[in-house]
1. Hey, can you list the DSSP H helices of the chain whose Cα span along the axis is 30 Å or longer and whose average Kyte-Doolittle score is at least 0.0?
2. Non-local amide H neighbours of Phe54 (under 5 Å, H modeled in plane, Pro and chain starts lacking H): which ones?
3. Could you list log10 I(q)/I(0) for the chain at q = 0.08, 0.13, 0.14, 0.17 Å⁻¹, which the Debye formula gives when each Cα is one point scatterer?
4. Tell me the label-point distance for the pair Arg143, Ser168, using the 7 Å Cα-to-Cβ offset, in nm and rounded to one decimal.
5. Return one quarter of the surface area of the convex hull spanned by the alpha-carbon atoms of the range 16-128, equal to its mean projected area, in nm².
6. Which trypsin sites (Lys or Arg not before Pro) in the range 1-105 pass both tests, a DSSP loop state and at most 15 other beta-carbon atoms within 10 Å?
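Bear in mind that the values in this text are calculations on the coordinates, not laboratory data. The structure displayed is predicted, hence computed values, not measured ones. Cβ sites come from the backbone with ideal geometry, for glycine too, and all protein chains shown count toward neighbours.
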Amino acid sequence: MTDGHRFTVLDIETIPCADALSMTVRGIASPKRQALHRICSIAVINGIESAEGFSDVESAVFTRERLEEARMLGCLDVVLPDPDNEGSRIVTYNGTAHDLRLLRLRQASLWMFSARKLARWCSSPNGLHFDLMKVGFGGPSERWSLVDLCAGLGFPVREGHLRSSVASMVSQDRWDVVAEHNLMDVVGTFLAYGTWRSLETGNDRFAATAWTSIVGMLEGFTSVNVGQAGLSSHHLLDEARLRLRKPR
């Protein structure tokens, strides 16, 4: 990747769509019937990736608590990097089979044909969609869960109430937990991606800047207990700061 290009790490949460279920012969919700789901939350981490690591890292979470689904997709279209800019990248975990696939379906269902960037990214232009599940640590034949991958890398992404299902949290109107669950998944994906980029390139600044960027970013989210997430005092954060202090 050429220096100084924009990236977005993306994760969505979905729940069964009652309208779609009512049109099927078997009106039973199932995680495997993804075409009958709708999007209830979208989390993104945006920034710039260069040989110096990651910079200008920001995050956002859009939920159905405040925005209709079409508005959420519209907000996502605005914050995505331009797919026509060489070097732009979207990073997901299982995004090929889930996130981008559902986004494309819901965009079509809602007749949001003018959301150009979203449509282009969901078609994976020029192979610049990086699905960490497919081409990262596990490879195409190993379908590790994100929680297991992050645990294997030495840090947690879901503890306590975050282990509850998104559907149950939506039914209880616990949108704060839905947002936190979604955000922590995208945080885990970003930290895993930074670790992978360091492993791939031999440059420890990717992993280090991912860690130092993430903790300050999370402090801006009042719904996220950074201490509980185990990141603000994690030994890998200390290691990241140590690596960044060393002369290059």
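1. 175-201
2. For Phe54, the qualifying residues are Thr209, Ala210.
3. Normalising to I(0) and taking log10 leaves -0.30, -0.80, -0.93, -1.38.
4. It is 2.3 nm.
5. 8.0 nm²
6. Taking the range 1-105 and a limit of 15 other Cβ atoms within 10 Å, the loop trypsin sites (Lys or Arg not before Pro) found are Arg26, Lys32, Arg33, Arg66.
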